[in-house]
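Chemist: Below: one structure in structure tokens.
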Amino acid sequence: RKKVTIGTLRSMHKKGEPITVITAHDFPSAHVADAAGMDIILVGDSLAMVALGMEDTSEVLVEEMLLHCRSVARATKGAFTVGDLPMGSYEIAPAQALETAIRFVKEGRVQGIKLEGGKEMAPTIQKITTAGIPVLGHVGLTPQRQNALGGFRVQGKTSSGAMRVLEDALAVQEAGCFAVVLEAVPAEVAAIITERLSIPTIGIGAGNGCSGQVLVQVDMTGNFPPGRFLPKFVKKYGDVWSESLKAIETYRDEVKSREYPAKEHTYPIAKEELEAFAE
Ligand code: KIV
Ligand code: NA
């Protein structure tokens, strides 16, 4: 597989070819995403919930993100890798953000970083991109600010709200982002924003008019117990939980019944050796 670079992404966008993005949080989840031909693998801070069992993304630390980024990077041969800067690691000043971004490249071994926010983050984005680190923007619903937004709410549902999302997207483009995630925005609004921008938009809950799509891997592969809440925009393409559950239950039953391990799962020993040993 040929390595996806910023240049590859730019030429896909120029040709109108959709950009495929998925999250991964460790070696196996990155391995399978890379094998499936994803263009970008994002180590999203959503791993706080889906991999670490935290209540929300505010709890995850830079060190924890870096550990997961490194494991993803080791498995990724083809996709462009992006690490998500966690809450508190970039908002204080552009210099703080650049310092964190550099750690993501040097220690996390990812190629680019993502950070949440619009206009107010422009100087920060500029600082990081000027240092040669590609930045993926993230506007619309920004989960790290859920407390200020009053929960996980659709953004840009009013004309003024839609205008704010457009202005944020334009600002992060101007600041140097190579692409921008549009999260939880009405499809028509996301389509218009996509037309107005010269960089690709990566939609999540933003309809089919974006330049690409991103989903959280454990959500789209169905790797979670039944009854868990799923946002409206998620399509469950698989049932990994059921597959794993079935496999582990069968293993349990076969151990209890001594059906496993069978002869073919064991190592042989020469008869004379065995006889000498067993005596
Ligand atoms: O953390 C994450 O997984 C994300 C994507 C869903 C965009 O930010
Ligand atoms: Na995120």
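The values are calculated or read from the model by the stated rules, or taken from the named source; none is laboratory data. The structure presented is a predicted model; accordingly, all values stated were derived computationally and were not measured. Note that each Cβ is placed from the backbone with ideal geometry, even for glycine, and that neighbours are counted across all protein chains shown.
Chemist: Any residue in the range 198-209 that is touching a residue at least 24 places away in the same chain (Cβ under 8 Å) and outside the structural domain of Ala179 (by TED's automatic domain parsing) sitting within a Cβ distance under 9 Å of a residue that is within 15 Å of ligand 1 (Cβ to nearest atom) and outside any strand (DSSP E or B)? List the pairs, counting only those 6 or more apart or interchain.
Modeler: Going by the 9 Å Cβ cut-off, there are no qualifying pairs.
Chemist: If you don't mind, another one. Of the residues that sit in the range 202-214 and are aliphatic (A, V, I, L, M) and under 22 Å from Ser11 (Cα atoms), which one is nearest to the chain's Cα centre (by Cα)? I'd like the intermediate steps shown before the answer.
Modeler: Step one: list which residues in the range 202-214 are aliphatic (A, V, I, L, M), which gives 202, 204, 206, 214.
Filter once more, keeping what is under 22 Å from Ser11 (Cα atoms): 202, 204, 214.
Details: Ile202: 12, Ile204: 11, Val214: 8 Å.
In this case the residue turns out to be Val214.
Chemist: Are any residues in the range 53-69 on the phi < 0 side of the Ramachandran plot and out of contact with any Asp or Glu (no Cβ under 7 Å at 6 or more places or on another chain), and if so, which ones?
Modeler: Within the range 53-69, Met54, Glu55, Asp56, Ser58, Glu59, Leu61, Val62, Glu63, Glu64, Leu67, Cys69 qualify.
Chemist: Quick one: would you say Ile113 is touching a residue at least 12 places away in the same chain (Cβ under 8 Å) and either of a type in the set (Gly, Ala, Ser) or away from ligand 2 (no atom under 15 Å from the Cβ) (or both)?
Modeler: no
Chemist: Return the pair list, or none, for Cβ contacts closer than 8 Å from residues in the range 128-139 that are over 12 Å from Gln173 (Cβ atoms) to residues that are acidic (Asp, Glu) and within 11 Å of ligand 1 (Cβ to nearest atom), at least 6 apart or on different chains.
Modeler: That search, which allows pairs on different chains as well, returns His138/Glu116; His138/Glu183.
Chemist: Taking Thr124 as the residue in question, decide whether it is of a type in the set (Ser, Thr, Tyr), surrounded by fewer than 24 Cβ atoms within 10 Å (Cβ to Cβ), more than 16 Å from ligand 1 (Cβ to nearest atom) and not in a strand (DSSP E or B).
Modeler: no
Chemist: Of all helices (runs of 4 or more DSSP H) completely enclosed by the range 22-118, which ones contain at least 3 residues that are within 10 Å of ligand 1 (Cβ to nearest atom)?
Modeler: Those helices (runs of 4 or more DSSP H) span 47-50.
So that you can scan it fast, the table gives a plain yes or no per residue for (1) of a type outside the set (Asp, Glu); (2) touching a helix residue (DSSP H, G or I) at 6+ places or on another chain (Cβ under 9 Å):
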| residue | (1), (2) |
| --- | --- |
| Ile6 | yes, no |
| Phe27 | yes, yes |
| Val32 | yes, yes |
| Asp39 | no, yes |
| Ser46 | yes, yes |
| Val72 | yes, yes |
| Ala75 | yes, yes |
| Gly78 | yes, yes |
| Thr81 | yes, yes |
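Chemist: Out of Ser71, Ser58, report the one residue that is small (Gly, Ala, Ser) and within 13 Å of ligand 2 (Cβ to nearest atom). Working first, answer last.
Modeler: Values: Ser71 fails: within 13 Å of ligand 2 (Cβ to nearest atom).
Selected residue: Ser58, the only one of Ser71, Ser58 that is small (Gly, Ala, Ser) and within 13 Å of ligand 2 (Cβ to nearest atom).
Chemist: Can you say whether Lys236 is more than 14 Å from ligand 1 (Cβ to nearest atom), at pLDDT 95 or above and closer than 21 Å to Val21 by Cβ, as far as the supplied structure shows?
Modeler: Values: more than 14 Å from ligand 1 (Cβ to nearest atom): yes; at pLDDT 95 or above: yes; closer than 21 Å to Val21 by Cβ: yes.
Judged against the criteria, Lys236 is a match.
Chemist: On to the next question. Take Ala79 and decide whether it is surrounded by 24 or more Cβ atoms within 10 Å (Cβ to Cβ), away from ligand 2 (no atom under 14 Å from the Cβ) and over 13 Å from the mean Cα position of the chain (by Cα). Don't jump to the end; show me each part of the working.
Modeler: Details: surrounded by 24 or more Cβ atoms within 10 Å (Cβ to Cβ): yes; away from ligand 2 (no atom under 14 Å from the Cβ): yes; over 13 Å from the mean Cα position of the chain (by Cα): no.
It is false that Ala79 is surrounded by 24 or more Cβ atoms within 10 Å (Cβ to Cβ), away from ligand 2 (no atom under 14 Å from the Cβ) and over 13 Å from the mean Cα position of the chain (by Cα).
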